[in-house]
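Following: one structure in structure tokens, then a few remarks.
The values are calculated or read from the model by the stated rules, or taken from the named source; none is laboratory data. All values derive from a computational prediction rather than experimental measurement. Positions of Cβ are backbone-derived with ideal geometry, glycine not excepted, and every protein chain shown enters the neighbour counts. Heads up: the accessible areas ignore ligands, DNA and RNA and are worked out on the full protein's heavy atoms, side chains in. Shrake-Rupley method; radii C 1.70, N 1.55, O 1.52, S 1.80 Å.
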Amino acid sequence: MPDTPEFLAERLQTEGEKTAAFFAALSPAQWQTPVYTEGQIWTVRSVLAHFVTAERGFLNLFADIRAGGPGASENFDIDRYNASQQEKTIEISLAELLNQFRAVRAQMTALVASFTQEDLQKQGRHPFLGLTTLAEMVKMVYRHNQIHLRDLRKLLES
């Protein structure tokens, strides 16, 4: 799989469209289905909110690393961050969450399309992956969605 800005931007766009279509097709009842129940309970809605807030954070993280920064701090607590972000999105409507996902994915796609091959080789700390390249971090954005969507599909089909 080529790690070029064009390829990665295309993949982000395509996977983003699939993700948006998946959520747009859900019934009102499906949005409240519990998905993850360890610790804080996450519903299908919570997963979409997680996509929005994580991707917003990644926009800042990627820009920092591109500019020569270190990325996430070593003591970054991903669980605490995710929990705090869920609280911040609790009042947002489903339609607005979906619009926010589309908007943040468009921003992410544009950012990645603007990267150079040299940018993709820059290293920094990712909150989950640890020290790695921007190319690997970008791939994790769409893979992250695929992993959660696989869980959602499995749950909703049962």
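Results, tabulated for the structure shown:
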quantity: Per-q log10 I(q)/I(0), the chain, q = 0.10, 0.11, 0.14, 0.20 Å⁻¹ (Debye; single scatterer per alpha-carbon; no solvent); calculated: -0.36, -0.43, -0.70, -1.33
quantity: Relative contact order %, the stretch 3-158, counting alpha carbon pairs below 8 Å whose residues are six or more apart; calculated: 36 percent
quantity: Simple Cβ-charge dipole of the stretch 1-151, Lys/Arg +1 and Asp/Glu -1, about Cα centre, in debye nearest 20; calculated: 180 debye
quantity: Amide H partners (placed H, <5 Å) of Val35, local residues excluded; calculated: Trp42, Thr43, Val44
quantity: Share of carbon and sulfur in the accessible heavy-atom surface of the chain [1.4 Å probe, %]; calculated: 54 percent
quantity: Longest segment of the chain lacking GluC sites (Glu not before Pro) that sit in a DSSP loop with at most 16 other Cβ atoms within 10 Å; calculated: 92-158
quantity: Semi-axes of the equivalent ellipsoid for the stretch 1-80, Cα gyration tensor, largest first, Å; calculated: 28, 21, 9
quantity: Candidate lysines for bridging to Lys122, where Cα separation is under 23 Å - those fewer than 8 sequence places away on the same chain excluded; calculated: Lys139
quantity: Average accessible area per residue (Å²) across the chain - probe 1.4 Å, nucleic acids and ligands excluded; calculated: 52 Å²
quantity: Under Karplus coefficients 6.51, -1.76 and 1.60, residue-wise ³J(HN,Hα) of the stretch 33-47 in Hz, glycine/proline x; calculated: 5, x, 10, 10, 10, 7, x, 6, 6, 10, 9, 4, 4, 4, 5
quantity: 18 Å cut-off, amide nitrogen to a point 7 angstrom out along Ala21 Cα→Cβ, residues in the stretch 82-125; calculated: 98-99, 101-103, 105-106
